[in-house]
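Have a look at the structure below, then the notes.
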2 protein chains.
Amino acid sequence: MKNRQWLIAARPLGRALKDDDFTFVEGEARQPGDGEVLIRALYLGFDPAQKGWMENIGGYVAPTEIGDVMRGSGIGEVVASRHPDFKAGDKVSGMLCWQDYATIAGRDLVKLEDDELLTANLGALGTTGMTAYFGFLKHGRPQPGDTVIVSGAAGATGSMVGQIAKIMGCRVIGIAGGAEKCRWLVDELGFDAAIDYKAEKKLRSRIHEMAPRGVDVIYDNVGGAILNDMLGAMAMHARVVICGGISRYETGQLPAGPENYFNLIFMRGTMEGFIVLDYMGEYPKARARMRQWIREGKIHFKEDVQSGLENAPRTLMRLFQGQNFGKQILKV
Amino acid sequence: MKNRQWLIAARPLGRALKDDDFTFVEGEARQPGDGEVLIRALYLGFDPAQKGWMENIGGYVAPTEIGDVMRGSGIGEVVASRHPDFKAGDKVSGMLCWQDYATIAGRDLVKLEDDELLTANLGALGTTGMTAYFGFLKHGRPQPGDTVIVSGAAGATGSMVGQIAKIMGCRVIGIAGGAEKCRWLVDELGFDAAIDYKAEKKLRSRIHEMAPRGVDVIYDNVGGAILNDMLGAMAMHARVVICGGISRYETGQLPAGPENYFNLIFMRGTMEGFIVLDYMGEYPKARARMRQWIREGKIHFKEDVQSGLENAPRTLMRLFQGQNFGKQILKV
């Protein structure tokens, strides 16, 4: 079976991704060995962290090499299995990488319910949803009545954070780019307010207007000036969750650090980072809860589905240009 | 009784202190009312936070007004008392402010043991020592064997933090300005290593050399580039304690925020601020323990004693120019 693959050709350290960071090649799919499963990819999921993986920063996943198949999660259908838990036709998720066929140890795969929520396993029920769930609940430590502010609020993670915060009885302010995204947050997802940072000249005063007594939980996906302005609005004993920093990925030079970190003193605040993989043992319980919230209509999500494996690099780039609206997915 | 007083004449917001931020006046001491005590000041203690009090930043203490007697802690002797717990001759500590005589409610005073550690009540046994004790133990959460790094390590707070860390079985690296201070840290206080940031061109590589597996607790009194370089050296699950930011006090523009805050993600770190007054209920126990450590020779401290109330403003300025070596005190 012919197997098209995207290989890592260069490390985009400290600059934007470009087309020739990847090479498109064609080979043969490898038949599964003992304990392995051969999978045909149906969908790939995209996440800003993938750029960091190409750069080998962070050290929380195994390093990549130039020439490796580009790493990425996906959903596929089992073609052949030499693992007792999987049979042909099963739907699975795992690190399928950017290729038509993946041959992977069964222990690294999750068997999926083959229902209308299939692609949600790349978003709300996948790592994205888990990142929102554990980052917010374990590190944001929300209390009913808290005011919560989320940057990148219309993104796959941010939109989940805001909705989980509403379920927890919090008041939620989202920061997103553009009027359409802001309307969606308030009208469709039930956010209490949304700020369009592209239209807003004085973000900090606007946050202060909307949360005059300060914010109890700050969930940041963006970094840079937006994080700094949010830190200026801490309430007493605020919890700041550092989830990501999309503003840091594209620039040659990192954006300045947040000088308002000093508010942590006056407000007795905490700022925490986390890696969602540390909570893997608790994923099944969290997934079951998210699935129920989705069925009850308490959590909505959007998917931005591109198509064709040949478009994988361009699909990843959409994230850094803010072009996607909803979880970025590619139909292989 | 004639009472000389230093009044706040201007707010030094975003700039260095200067002489005419203060006015020296002379009036009469006020006799104590019911429940009050009249105290003659013996020593005043100095702390960087006093500049912030003049600026009314932070909001964690009552605001000051232009024309107020300059706020500051001190040690004095009771001259007259209308409070049952105090009698003439008692030694007390409290917010005596910059003046010869203070008239204060007895409930706001602490009666002191009149021993050879009298002035230590402004340093190791005072707010400075409490700041080191609670900031490090409650927010640094040290474990035996941890590597600890302290900035402003030769300062009144930093030097206590390092010595408490040694008592807790940690390995301690101090960052200080100048060879003399660095020698004192290692030779007299038992720090494992000291870095002279004034002589060191590449602070981050030097920290990395001294702690190749990273630092578990970062205790920062300085902010700016030094904080950023320390954040670059976090070990897994590092705790970052934000205690102060002396580098932030003098400049018209704040130093850039620490871009390495992002390491909190990869290292699953926490960064916390605190206000020591929140632990006031636990001061007696902490003081007793500090007193014992001092008597056992496990904690050493240095005092930099200036003299004459007329020199109070210049004595405060010494802190921001790094001129003091040891707790800055003024003999009234």
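Points to keep in mind about this one:
- Lone qualifier among A:322, A:297 - being part of a loop (DSSP other than H, G, I, E, B), within 14 Å of residue A:224 (Cβ to Cβ) and away from chain B (no Cβ under 14 Å): A:322
- Single unsatisfied condition, residue B:163 versus (1) farther than 17 Å from residue B:242 by Cβ; (2) out of contact with any Asp or Glu (no Cβ under 7 Å at 6 or more places or on another chain); (3) without any contact (Cβ under 8 Å) to a residue 40 or more places away in the chain: (3)
- Condition check for residue A:6: aromatic (Phe, Trp, Tyr) and either over 15 Å from residue A:95 (Cα atoms) or not in a strand (DSSP E or B) (or both): no
- Members of the stretch A:272-285 that are more than 7 Å from chain B (Cβ to nearest Cβ) and in contact (Cβ under 8 Å) with a residue 24 or more places away in the chain: A:276, A:277, A:279, A:282, A:283
- Selection within the stretch A:14-53 - over 25 Å from the mean Cα position of the chain (by Cα), assigned to a loop (DSSP other than H, G, I, E, B) and not polar (S, T, N, Q): A:29, A:30, A:32, A:33, A:34, A:35
- Scope the stretch A:237-246; condition modelled with pLDDT under 95 and more than 8 Å from chain B (Cβ to nearest Cβ); matching residues: A:246
- Matching residues, the stretch B:192-245, being in contact (Cβ under 8 Å) with a residue 12 or more places away in the chain, more than 29 Å from residue A:269 (Cα to Cα) and among the acidic types (Asp, Glu): B:192, B:196
- Any hit, the stretch B:22-32, residues being touching a residue at least 60 places away in the same chain (Cβ under 8 Å), among the basic types (Lys, Arg) and surrounded by fewer than 20 Cβ atoms within 10 Å (Cβ to Cβ): yes
- Considering only residues in the stretch B:101-147 that are in contact with an Asp or Glu (Cβ under 7 Å, 6 or more places away or on another chain) and part of a strand (DSSP E or B), the one that is farthest from residue B:238 (Cα to Cα) turns out to be B:103.
- Filtered residue count, the stretch A:54-81, keeping only those that are surrounded by fewer than 21 Cβ atoms within 10 Å (Cβ to Cβ) and either within 14 Å of chain B (Cβ to nearest Cβ) or in a loop (DSSP other than H, G, I, E, B) (or both): 16
- Search result, residues across the stretch A:247-260 that are of a type in the set (Gly, Ala, Ser), outside any strand (DSSP E or B) and at the interface with chain B (Cβ under 10 Å from one of its Cβ atoms): A:256
- Residue in the stretch B:261-271 that is within 12 Å of another protein chain (Cβ to nearest Cβ) and assigned to a strand (DSSP E or B) present: yes
- Scanning the stretch B:208-236 for residues being more than 22 Å from the chain's Cα centre (by Cα) and either more than 10 Å from every other protein chain (Cβ to nearest Cβ) or closer than 20 Å to residue B:154 by Cβ (or both) gives a total of 13.
The values are calculated or read from the model by the stated rules, or taken from the named source; none is laboratory data. Remember, it's a predicted structure, so these values are computed and weren't measured experimentally. No Cβ is skipped: glycine too gets one built from the backbone with ideal geometry, and neighbour counts run over all protein chains shown.
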